[in-house]
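In what follows, a structure is listed as structure tokens, so that the remarks can point back to it.
The values are calculated or read from the model by the stated rules, or taken from the named source; none is laboratory data. Because the structure is predicted, anything quoted here is derived from the model rather than measured. Using ideal geometry, Cβ is built from the backbone for each residue, glycine included, and neighbour counts are taken over all protein chains shown. Heads up: the accessible areas ignore ligands, DNA and RNA and are worked out on the full protein's heavy atoms, side chains in. Shrake-Rupley method; radii C 1.70, N 1.55, O 1.52, S 1.80 Å.
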Amino acid sequence: MILIVDDDVAVRTSLSLLLKQAGYAAKAVGTPEAALAVVPDPSVQLVLMDMNYSLDTSGHDGLALLGQVKAIRPNLPVILITGWGSITLAVEGMKAGAAEFVTKPWNNDALLQTIRTCLDLAASAEATPASDDAQAPTRRQLDKQFAFQNIIGQDARLLHVLRSVGQVAATDASVLIEGESGTGKELIAEAVHQNSHRRRQPFVKVNLGGISASLFESEMFGHRRGAFTDAKTDRVGRFELANGGTIFLDEIGELDMTSQVKLLRVLQDRTYEVLGDSKPRRLDIRVICATNRDLAQEVREGRFREDLFYRINLITVRLPSLRERPTDIPLLVQHFVDYLRATYNRPSLKVNTRALHWLREQPLPGNIRELKNLVERAVLVSGKDELGPEDFQAQFRPTAVPIATQPGELPPVGSMTLDELESQMIRKSMEHYAGNVSKVAKALGLSRGALYRRLEKYAIPFDLAQ
């Protein structure tokens, strides 16, 4: 049963009818006191709660009621209902234990999807063993339940992540994937999609770090011909491409504040408008975000909206760095060698045990991406069928033609072109900052968009920049 708590009889009636039409049993009450009398009933599976029950509309009585509900039943999911102008209040409710919030006037389809997601997550939490250590999953067990064939490793930290991913995938919960550059956040996002009921629908990847603020609406929502200067043809936006499936918003921490507001409205209302077309369009999507930043710290420092942060991190997955799971390094190396063996038609290619031991001891700040590039460089440069430590050591810190032998000194005139000089500086910066595009762009005095264009120009692999 779903408990509706709202002092407006029209809202109670509307929500009761909507829920009953959707197949849910519902009970509606108009006061906090009446709600507290019903909450202990074990048949109550979720609470839809308004934030205001008094004339001052401060919302404090709603927060107080939320605290009382959580004191009685800590695991009971609560969805807050508030006006758009009171989202700050809803965020306070999220901090106090609410599962989600919706704004008035709500979209019926979006509200029902939110309810399903919260109920599914609650059911998944009940099915999860209380002690992770006592019930640590094995890779074989996980592979029998879920499709994780593209993810290599069997370290306990990774397996706990994969178990969480498998359980959450069956819901429509928004997922925030955190981790250093090169840890495989995109693979985890794909795994969430492939293990969900949306697996046969589109999976659309968007690198928000490569989209300028001026192009955000056109890229994400699409535009009609003539909507602005240079809009010579219609453009389909990324949200429309992902409709019915999953959209993966990579590097969400790079989004500017103005674009964050636009994204929040879409995620909240599940509607958007194409530029040049005022007709609202509905969205049915699952949202997965990823970042190598500490978004909580970004919120504290005022660079990321708190309401958007709580909207995208219903479930947070943190990927361990490669140095946290060194036992997986030999497995990854073997995986890369198998791929290169087939790619370059070198059936005898292998890595000896001494080399695997040496690789396990390396810091690899670029994580899996750095390891993959190191293995491929060693294979291509050595030309040997059996690679030893020396082959990887020779490629571990690749050096280009020195840009300067002394501080302030430039290469001899005629020894390289400006393009070669720029290319080497970008490559050197990418290595120095372990592929962190934000730091590279800042160090070189470029915008992220300008850096991405140069990465394309000089054929510097994009996977180094994600």
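Points worth noting:
- Kirkwood estimate for segment 253-331, i.e. one over the average of 1/r between Cα atoms, Å: 15.0 Å
- Rounded to two decimals, the Cα-based Rg/Rh of segment 122-253, with Kirkwood Rh, is 1.08.
- In plain terms, the chain is cut at each of the trypsin sites (Lys or Arg not before Pro) found in a DSSP loop with at most 11 other Cβ atoms within 10 Å, and the longest leftover piece is 233-466.
- The translational diffusion coefficient of segment 251-291, from Stokes-Einstein at 37 °C and 0.692 mPa s with a Kirkwood hydrodynamic radius over alpha carbon pairs, comes to 287 µm²/s.
- Solvent exposure of segment 303-343 as accessible area per residue, Å², 1.4 Å probe: 42 Å²
- Segment 1-103 - Rg over Rh from alpha carbon coordinates, Kirkwood radius: 0.93
- Carbon + sulfur, % of accessible area of the chain - ligands and nucleic acids excluded, 1.4 Å: 51 percent
- Taken one residue at a time, the phi angles of segment 423-438 give Karplus couplings (6.51, -1.76, 1.60, θ = phi - 60°) of 4, 5, 5, 5, 4, 5, 5, 4, 5, 5, 9, 6, x, 6, 4, 4 Hz. Gly and Pro are set to x.
- Maximal additional length on extending the residue 145-residue 10 stretch stands at 44.1 nm, based on 0.36 nm per residue less the C-alpha distance.
- With R₀ fixed at 41 Å, the C-beta to C-beta distance from residue 385 to residue 170 puts the FRET efficiency at about 0.35.
- Sequence-distant residues sharing a close amide H with residue 289 (under 5 Å, placed H): 175, 176, 177, 249
- The base-10 log of I(q)/I(0) for segment 170-209, evaluated at q = 0.15, 0.16, 0.26 Å⁻¹, reads -0.39, -0.44, -1.04 [Debye formula, identical scatterers on Cα atoms, solvent excluded].
- Every pair of different Cα atoms in the chain enters the Kirkwood calculation, which places the hydrodynamic radius at 25.0 Å.
- Per-residue ³J(HN,Hα) for segment 248-253, Karplus 6.51 cos²θ - 1.76 cosθ + 1.60, θ = phi - 60°, Hz, x for Gly and Pro: 10, 9, 7, 6, 5, x
- Helix-only [θ]222 nm of the chain, DSSP H runs n ≥ 4, -39500 (n - 2.57) each, per residue, nearest 500: -13500 deg cm²/dmol
- Links that overshoot a 19 Å alpha carbon limit, given the list 70/104; 350/428; 104/262; 350/384; 205/372: 70/104; 350/428; 205/372
- Charge dipole (debye, nearest 20) of the chain; +1 at Cβ of Lys and Arg, -1 at Cβ of Asp and Glu: 980 debye
- Alpha-carbon centroids, segment 24-102 and segment 208-239: separation in whole Å: 39 Å
- Taking amide H as placed 1.01 Å from N in the peptide plane, residue 318 has its amide H under 5 Å from the amide H of 178, each at least 5 places away in sequence or on another chain.
- Here the calculated FRET efficiency for residue 64 and residue 360, from their Cβ-Cβ distance with R0 = 45 Å, stands at 0.25, rounded to the nearest 0.05.
- Shape category assigned to segment 1-48 from the gyration tensor of Cα positions, a/c cut at 1.5: oblate
- Accessible surface computed residue by residue for segment 1-115, with neighbouring protein chains in place and a 1.4 Å probe, gives 43 Å² per residue.
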